[in-house]
1. Among (1) buried (at least 19 other Cβ atoms within 10 Å of the Cβ); (2) farther than 25 Å from B:Leu261 by Cα, which single condition is B:His100 missing?
2. Criterion first (more than 16 Å from ligand 2 (Cβ to nearest atom), in contact with a helix residue (DSSP H, G or I) (Cβ under 6 Å, 6 or more places away or on another chain), touching a residue at least 12 places away in the same chain (Cβ under 8 Å) and more than 14 Å from chain A (Cβ to nearest Cβ)) does B:Arg364 satisfy it?
3. So, restricting to strands (runs of 3 or more DSSP E) that lie completely within the stretch A:81-167, which ones have at least 3 residues that are within 14 Å of another protein chain (Cβ to nearest Cβ)?
4. Quick one: in the stretch A:392-420, of everything that is surrounded by 21 or more Cβ atoms within 10 Å (Cβ to Cβ) and in contact with a Cys (Cβ under 6 Å, 6 or more places away or on another chain), which residue is nearest to A:Ala264 (Cα to Cα)?
5. Check the stretch A:62-80 and report whether any residue there is at pLDDT 95 or above and over 23 Å from the mean Cα position of the chain (by Cα).
6. Which strands (runs of 3 or more DSSP E) sit wholly inside the stretch B:99-183 and have at least 2 residues that are within 24 Å of B:Ser59 (Cβ to Cβ)?
7. Please specify each residue of the stretch B:268-311 satisfying the condition of being within 20 Å of A:Leu300 (Cα to Cα), assigned to a strand (DSSP E or B) and at the interface with chain A (Cβ under 10 Å from one of its Cβ atoms).
8. I need a count of the residues in the stretch A:201-249 that are assigned to a helix (DSSP H, G or I) and either among the polar types (S, T, N, Q) or modelled with pLDDT under 55 (or both).
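The values are calculated or read from the model by the stated rules, or taken from the named source; none is laboratory data. Since we're looking at a predicted model, the values are computed, not measured. All Cβ positions, even for glycine, are placed from backbone atoms using ideal geometry, and neighbour counts span all protein chains on display.
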Amino acid sequence: MSRSPHEGADGGTACPSLAVIGAGPAGLAAALAAAVRGSRVTLIDAGAQAGGQFYRQPAEELGARRPQALHHQWRTWERLRDGLAAQIAAGRVTHLTDHHVWCVERLEETSGFLVHALHGPAQEEPSVVRADAVVLATGAYEKVLPFPGWTLPGVITAGGAQAMLKGGLVLQGRTAVVAGTGPLLLPVAAGLAAAGAEVAALVESAGAQGVARHARTFAVHPDKLVEGAGYVAELMRRRVRLKARHAVVEAQGDGALEAVSVAALDRDGRVVPGSEHVIACDTLAVGHGLLPHTDLAETLGCRLEGTAVAADDEQRTDVHGVWAAGEATGVGGAALSLAEGHIAGCSAAARLAGREPDPRAWEAAAKSRAKTRKFSTSLDAAFAPRAHWAEQVTDDTVVCRCEDVPASAIREAVGELGATDARTVKLLTRAGMGWCQGRMCGPAVAGLTGCEPVPSRRPFARPVPLGVLARAGEDLPDE
Amino acid sequence: MVGAACALYAARAGHSVALVDRGAVAGGTTGAGEGNLLVSDKEPGPELELALLSSRLWSELTAEPGAAEAVEFEAKGGVVVASSAEGLAALEKFAVEQRHAGVDARAVTADELYDLEPELAPGMPGGVHYPQDAQVMPTLAAAHLVRLARAAGARLLTGAPVTEVLRSADGSVRGVRTGRGEIHAPAVVNAAGTWGGELAALAGVRLPVLPRRGFVLVTEPLPRLVRHKVYAADYVADVASDSAALQTSPVVEGTAAGPVLIGASRERVGFDRTFSLPVVRSLAAGAARLFPFLESVRVMRSYLGFRPYMPDHLPAIGPDARVPGLFHACGHEGAGIGLATGTGHLIAGALGGAGPDPALAPFRPDRFPEEAS
Ligand SMILES: Cc1cc2nc3c(=O)[nH]c(=O)nc-3n(C[C@H](O)[C@H](O)[C@H](O)COP(=O)(O)OP(=O)(O)OC[C@H]3O[C@@H](n4cnc5c(N)ncnc54)[C@H](O)[C@@H]3O)c2cc1C
Ligand SMILES: Cc1cc2nc3c(=O)[nH]c(=O)nc-3n(C[C@H](O)[C@H](O)[C@H](O)COP(=O)(O)OP(=O)(O)OC[C@H]3O[C@@H](n4cnc5c(N)ncnc54)[C@H](O)[C@@H]3O)c2cc1C
């Protein structure tokens, strides 16, 4: 194992340094805004290329010839991409790709931060970036709630489907159902249809009204084919059945997905007895919304608000020197992430230079932020996962896939031992103790326990080899 | 854990018991620690006596049908490793004293050491093997003891914070007020762990229980490569230390479920929940010194808890002479899982009122000077 190299912008100049973690819309906007304003920026991301969830790039080797056909907002993306290239060329931004940050450490004596990351094919090579300030732009991950049969091959997450689309995977000839709740489902269904899959139904547990309203949040679609036309119109044109106030209650199949059972819901979110019917399909894309990545922020001691990192008007967290932007601070679409990232970058650059930032410098971004946020708050209410979803979860349904914990074990912990919180249930059943550390099953365990989902503490955002941990930050040059 | 054990032994002794907690079963330190049942780390004295009693009671309890599986009991034994010749001499002297007190402590040569633990770092001069050391999974153990206590007639009331200790005109205890109503009883046992001082204050007495923070590291699941509880000889010095500063000689052990547990640090920093990379870094380094193969093993997570710590490192167990009817069973520091059974047994005896029990004398809750702070 190599010794920890000290990477990133260095050189010992007087120029203050900023580490931006996450190269999605928020992180890119922050990095560019700060670099232009005089900070030395290190942009660190787990991906092979910049772009994050929204501008997810088709893998270079696939040689996608017309990537613009797959990406809407191509101009915005081009602007960010070219800006990044220019800043890198000018030596103001260092971009570390394939770097998985496992911990950000605040240095008590010297002030400043160490960003600890892993890279290399097996993610075992340590690398440490020293910075005077940090922007957390780590985005969000998908929430999926369990139902009988959800572990069958052929059942994928909505984000997984999107990644297949953007990664250039062939979906022609597939019959897909898109199900769950939230604004993500529309672009995913539209994208699948545009890519040649037959979308047999879009099953949304919220009411039709909500669906129509939220069509606007993600009004920009990464797929050029759908651009302009509203999603609903687009789906109607492609004869996709929109089943609002419906839910998939079971995935069926012998070794692989063959069909789903769909049922109507009453106003309270309960299944209407006798309404179940079967739809044949070989692909089911499910999603129940997004959850902010908060691990790095929590370990730094940043305050959370609900499930997101709390940030002020300048996108500062309550920990000195730490900013947060984009979906890590709440889910609201790419435009919101861009605006927040820009503000964070401007504010950080000013404060690092010892200047009080002038909010007028980011007036336009602040306006856009206010507008999109207002809208996304109303969305949250419209797309809460349906109440009573747990009623369809049979005792033998596996809830925690890493540790193979069935719903019955969780129900026992609650019923017999008075467990009223997800942590106690985890200790009693091992649900959430496996490889993904409860990222997947956390909301489901909370739901079955009957408590609010709270982010569980994960000091390590990624598993870290013990030897790397034992020497973390040891060989840093003194500054 | 301690409250569950007290409830179990009291109910089995025929008392009518209500087990009250503000949270859930194992929601306190019990759910945030490890489950080592150790005699190896204790010097001869009252705590070792209690540990030996507890060890016998754990064996009895886990011999009941289904119990060993339910609590993941493993009588795997402990191995204490010396890293130098002087260290080994000191360790062996310590083991001789322990043997006189009734501990099964077997000196092992370097060769025997590697038979016991083939993956140990090379060059260790020897150690001591303690077959009596065992382990349980603390949350499951507490859950199981609660189950047994209920089977013996105890009532469980969760989500019920105690807000007041009710007293009669003559000052004696007559029950508690909780968030879910009053419970009347002639005896109240304070098994509030790290928060035992606050509960004592509700009864008007001072009990100096302080938090001592500990971090534990958990690795990815592995085949059984660490067979015993293995720790370096300086661990014992850390446990008995009075210093507030950080001590991190780790205990390394494999678990039934696969992950290796590495724990635990000890430092007095109040109830500070902030993650500390330097602390877990030194835990990791200590573990890698014992078992080099761990270098490339991934650490999945880390958690922390606050041990209930008393100034003289001994728990408070037994009646409080200052308030008739008030009993304490808290302050077990880093050994409350192991010492729970013995504590429960002694409390059940004391509740029977058979007069002062000499076994309880060293644990007198009112042994600390009144007033201060
Ligand atoms: C399936 C799907 C479809 C969507 N469709 C639309 C749409 O049609 N219209 C729309 O407006 N929005 C859409 N969105 C939402 C849009 O993608 C997000 O709003 C936007 O990408 C958020 O930007 P961000 O910069 O906050 O986070 P992200 O784009 O998620 O970027 C976060 C980055 O941080 C990196 N990262 C996280 N943790 C670490 C770590 N520990 N170490 C290193 N790197 C890390 C990740 O690799 C990622 O690159 C969609 C999202 C999904 C998942
Ligand atoms: C990192 C770490 C590692 C450890 N490793 C070991 C080990 O290997 N072996 C070992 O034996 N011990 C170990 N310990 C120590 C052990 O965990 C504790 O000694 C033991 O859990 C204490 O049990 P308890 O029942 O006294 O306290 P707790 O488990 O904390 O129980 C006290 C209960 O009182 C409740 N309570 C408090 N105030 C009130 C109130 N006002 N009203 C109602 N309820 C209240 C709390 O909710 C809590 O559930 C470790 C501890 C730590 C932190």
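1. Checking B:His100 against (1) buried (at least 19 other Cβ atoms within 10 Å of the Cβ); (2) farther than 25 Å from B:Leu261 by Cα, the one that fails is (1).
2. When the stated conditions are applied, B:Arg364 does not pass them.
3. Fully inside the stretch A:81-167 and qualifying: A:100-106, A:113-119, A:125-131.
4. Result: A:Val399.
5. Looking for residues that are at pLDDT 95 or above and over 23 Å from the mean Cα position of the chain (by Cα), one finds none in the stretch A:62-80, hence no.
6. Fully inside the stretch B:99-183 and qualifying: B:106-109, B:126-130.
7. Across the stretch B:268-311, the qualifying residues are B:Val299, B:Met300, B:Arg301, B:Ser302, B:Tyr303, B:Leu304.
8. Number of matching residues: 4.
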